[in-house]
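**Student:** My questions will all concern the structure given below.
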Amino acid sequence: MAENSLSAQNVPVAQGKAAEQVTTKMTARDVSVFYGAKQALKNVSIDVTQENVVAFIGPSGCGKSTFLRCLNRMNDTVDSARVTGEIKLEGEDIYAGSMDVVQLRARVGMVFQKPNPFPKSIYENIAYGPKIHGLAKSKADLDNIVEGSLRRAGLWDEAKDRLQESGTALSGGQQQRLCIARAIAVDPEVILMDEPCSALDPIATAKIEELIDELRGKYGIVIVTHNMQQAARVSQKTAFFHLGTMVEYGDTSTIFTNPVESRTKDYITGRYG
Amino acid sequence: MAETTAHTVKSFDDDIAQLRSLISEMGGLCEAQIVGAIDALSDRNADAALAIVGNDRRIDALETEVEALAVRIIALRAPLADDLREIVAALKIAAVLERIGDYAKNIAKRASALAQTTRIQPVVIVPEMARIVATMVKDVLDAFVDRDPALAVEVWERDQRVDDYYNSLFRSLLTFMMENPQHITPSTHVLFVAKNLERIGDHATNVAEMVHFSVTGQYIIDRPKSDDTALYTSGA
């Protein structure tokens with residue numbers, strides 16, 4: 001749990017093996033979400049680190065997407081939603097009055113289930129964010145950001161000769177990588193992915209998974225997925241949600257070979273009600 | 001025993017049931033082979049011993065069947081957690097049972113040879129030792145099929161008695177050989193038979209560990225090895 005990763009930072013060397021050195025990007029403590037009178041999420045605490053991709057798994061309606069959307073205040077757009085508890089990005093309370101939500105969503109980027117490029121050129125899709133956030137001083141700067149983002153998203157070779165074509169002309173998998181490049185372009189701290197591969201074929205999925213692995217270590221990454229094998233492949237930490245509660249959180253290898261909670265076991269082995 | 005809820009996809013449960021049944025069948029054959037080999041030895045029946053040697057092929061064939069089914073389940077069902085541990089355990093247990101079958105076959109071969117030598121007295125301990133190991137094999141596979149870690153631990157502890165029998169038999173046979181060189185040939189055969197039984201006991205112990213891990217996800221702490229005959233230097 002969260003306590004473990006905190007103590008791992010305080011204790012220099014654990015007995016037997018070296019303590020896990022992690023750079024914490026976000027911390028969530030006792031986060032609850034209410035939609036009107038209904039509580040959708042109950043007291044969830046978790047850390048997002050740069051080193052470990054976190055996968056959220058659980059049946060539909062378990063609260064995993066609700067929690068993900070708290071991390072960049074996407075729930076603000078839902079009128080009846082009320083969030084309690086504390087979420088900090090680099091030590092800063094993201095629900096504080098002084099937090100600029102537009103800025104927050106650049107620092108905590110999001111990739112959705114369905115690729116949603118702007119109906120503009122590939123170049124403009126990437127350049128738009130850095131331009132409005134004032135990250136580029138010159139056209140050359142902007143060109144560099146566009147190329148760097150497309151390269152990091154593994155899309156440069158496929159897109160470099162068609163930068164002026166519409167983003168929507170790309171294939172589904174390419175569009176999703178374009179959306180990841182767009183999130184990267186504003187130099188975020190954390191990238192949230194809500195089922196980023198569920199609309200993609202296996203090859204495009206593999207490319208995204210490889211990309212997630214390459215981005216790990218530079219950004220904190222949280223991925224919600226219904227595909228258990230995908231969670232096992234891309235994440236180092238897994239959290240299992242059920243009925244609004246985080247039932248179990250731990251090393252992905254442990255969760256999938258020897259989970260502690262019987263509810264986790266029943267879900268991942270396909271015995272869930 | 002560990003609780004099991006049915007899988008949402010019922011044919012997955014059918015696959016696992018089939019895997020358990022194959023392992024169970026292999027175990028039953030191994031148990032029968034051990035008992036049969038020792039009966040042939042006690043009765044000095046070379047024909048029965050030969051039949052035991054021939055039966056080993058059936059165990060080998062079952063091992064192949066288990067391997068094919070386990071690989072198919074892994075490929076098609078992508079099992080996780082206790083399902084994954086059980087299927088990996090089944091693969092390993094099948095290999096161990098195949099080995100136990102080989103030991104029983106070796107005992108049967110010695111039984112043929114022994115039928116042609118003088119009857120020696122320490123042989124009377126061998127059937128008792130065989131009875132214990134055959135029961136260990138049976139019980140440990142019941143523990144696998146019923147997902148019963150307590151029974152697995154109980155079998156695991158029972159191996160101590162097999163080692164004790166083996167150590168005591170080793171000493172009597174040495175004394176026996178020193179008394180009369182004519183006893184050397186039959187005593188050596190009996191010693192190998194006892195060693196084979198002792199190895200079967202060790203393998204049953206390993207299976208107990210696999211069953212325990214498969215069901216609970218925890219390892220049994222190592223038991224000190226108590227076959228001390230390797231340290232034996234003097235017949236005095």
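**Student:** Taking R0 as 51 Å, what FRET efficiency do you get between B:E157 and A:K88 from their Cβ-Cβ distance, rounded to the nearest 0.05?
**Tutor:** Working: r = 53 Å, r/R0 = 1.03.
Efficiency, from the Cβ-Cβ distance: 0.45.
**Student:** Quote the charge dipole size of chain A about the Cα centre in Debye, to the nearest 20; the model charges only the Cβ of Lys and Arg (+1) and of Asp and Glu (-1). Don't skip to the answer; put the middle values down first.
**Tutor:** Numbers: 31 positive and 33 negative charges, 74 e Å.
Approximately 360 debye in magnitude.
**Student:** Something else about it: Below 8 Å between Cα atoms, with a sequence gap of 6+, how large is the relative contact order for chain B in percent? Don't jump to the answer; show the numbers that get you there.
**Tutor:** Working: 301 pairs, mean separation 62.8, N = 236.
This gives 27 percent for chain B.
**Student:** Now for a separate question. Search the structure for amide H atoms under 5 Å from the amide H of A:E189, placed 1.01 Å from N in the peptide plane, and list their residues when 5 or more places away or on another chain.
**Tutor:** Those lying under 5 Å, H to H, from A:E189 are A:V108, A:G109.
**Student:** How many angstrom separate the Cα center of the stretch A:91-144 from the Cα center of the stretch A:203-240?
**Tutor:** That distance is 22 Å.
**Student:** Another question, if that's okay. Specify which residue in the list B:I200, B:A115, B:V145 is farthest towards the positive end of the charge dipole of the stretch B:82-226, using unit charges on the beta carbon of Lys, Arg (+1) and Asp, Glu (-1), about the Cα centre.
**Tutor:** Ranked along the dipole, the leading option is B:A115.
**Student:** Hey, another quick one. Could you please report the charge total around A:C197, scoring K, R as +1 and D, E as -1 over all other residues with beta-carbon less than 10 angstrom from its beta-carbon? Mind showing how you got there, number by number?
**Tutor:** Values: positive: A:K207; negative: A:E195, A:D201, A:E209.
Local charge sum for A:C197: -2.
**Student:** What does the charge count near A:I46 come to, summing +1 for each Lys or Arg and -1 for each Asp or Glu among other residues with Cβ under 10 Å from its Cβ? Walk me through the intermediate numbers first.
**Tutor:** Values: positive: A:R29, A:K237; negative: A:D47.
Residues close to A:I46 contribute a combined charge of +1.
**Student:** Oh, and also: What spacing in nm lies between the two simple spin-label points modelled at B:Q182 and A:F118, each 7 Å away from Cα in the Cβ direction?
**Tutor:** With each label point 7 Å from Cα toward Cβ, the separation is 10.5 nm.
**Student:** May I ask which of B:K109/B:K138; A:K265/B:K105; A:K114/A:K160 have a Cα-Cα span longer than 31 Å here? Write out the running numbers ahead of the final one.
**Tutor:** Values: B:K109/B:K138 23 Å; A:K265/B:K105 41 Å; A:K114/A:K160 23 Å.
Check vs 31 Å cut-off fails for A:K265/B:K105.
**Student:** Based on alpha-carbon centroids, what's the gap between the stretch A:15-64 and the stretch B:1-59 in Å, whole number please?
**Tutor:** 48
**Student:** Right, something else. Place the peptides A:255-264, A:238-247, A:210-219 in order of packing, highest mean first, counting for every residue the other Cβ atoms within 10 Å and averaging per peptide.
**Tutor:** Working: A:255-264: 19.0, A:238-247: 21.9, A:210-219: 17.0.
Highest-to-lowest ranking by the protection proxy: A:238-247, A:255-264, A:210-219.
**Student:** Sticking with this one: Rank-order B:14-21, A:230-237, B:149-156 by packing density, defined as the average count of other C-beta atoms within 10 Å over each peptide's residues, highest first. Write out the running numbers ahead of the final one.
**Tutor:** Numbers: B:14-21: 16.0, A:230-237: 21.6, B:149-156: 19.6.
The peptides rank, most packed first, as A:230-237, B:149-156, B:14-21.
**Student:** Follow-up. Along the Cα-to-Cβ line of A:E158, 7 Å from the Cα, sits a label point; which residues in the stretch A:190-208 have backbone N less than 13 Å from it?
**Tutor:** Once the point is set 7 Å along Cα→Cβ of A:E158, A:200-208 turn out to lie under 13 Å by backbone N, inside the stretch A:190-208.
**Student:** In a shell of Cβ-Cβ distance under 11 Å around A:T84, excluding A:T84 itself, what net charge do Lys and Arg (+1) and Asp and Glu (-1) give?
**Tutor:** Numbers: positive: A:R29, A:K42, A:R82; negative: A:D30, A:E86.
It works out to a net charge of +1.
**Student:** Then there is this: Name all residues of the stretch A:56-89 having a backbone nitrogen under 14 Å from the label point set 7 Å from the Cα of A:R29 along its Cα→Cβ direction, giving them as ranges.
**Tutor:** Counting only backbone N, you get A:85-89.
**Student:** Let me ask another. A:V44's amide H: which non-local residues (gap 5+, or another chain) put their own amide H closer than 5 Å, with H modeled 1.01 Å from N in plane and none for Pro or chain starts?
**Tutor:** A:D30, A:V31, A:S32
**Student:** Which percent of Cα-Cα pairs in the stretch A:62-101 sits in each 10 Å bin, short to long?
**Tutor:** 28, 60, 12, 0
**Student:** Also, I was wondering about something else. What 222 nm value per residue comes from the helices of the protein assembly as shown, counting each DSSP H run with n ≥ 4 as -39,500 (n - 2.57) and dividing by all residues, nearest 500 deg cm²/dmol?
**Tutor:** On the way: 17 runs with 285 residues, N = 509.
After summing the helix terms and dividing by the residues of the protein assembly as shown, the value is -18500 deg cm²/dmol.
**Student:** For a quick protection proxy, order the peptides A:86-93, B:208-215 by their average other-Cβ count within 10 Å, most packed first.
**Tutor:** Order by mean packing, descending: B:208-215, A:86-93.
**Student:** Give or take rounding to whole Å, what are the principal axis extents of the alpha carbon atoms in chain A, in descending order?
**Tutor:** Result for chain A: principal-axis Cα extents of 53, 44, 43 Å.
**Student:** Using only the alpha-carbon atoms of the protein assembly as shown, report the extent along each of the three principal axes, biggest first, to the nearest angstrom.
**Tutor:** 102, 46, 45
Computed from the coordinates by the stated procedures, all read-outs in this text should not be read as laboratory data. On a predicted model such as this, the values are computed, not experimentally measured, just so you know. Methodologically, a virtual Cβ is constructed for each residue, glycine included, from the backbone with ideal geometry; neighbour enumeration extends over all protein chains shown.
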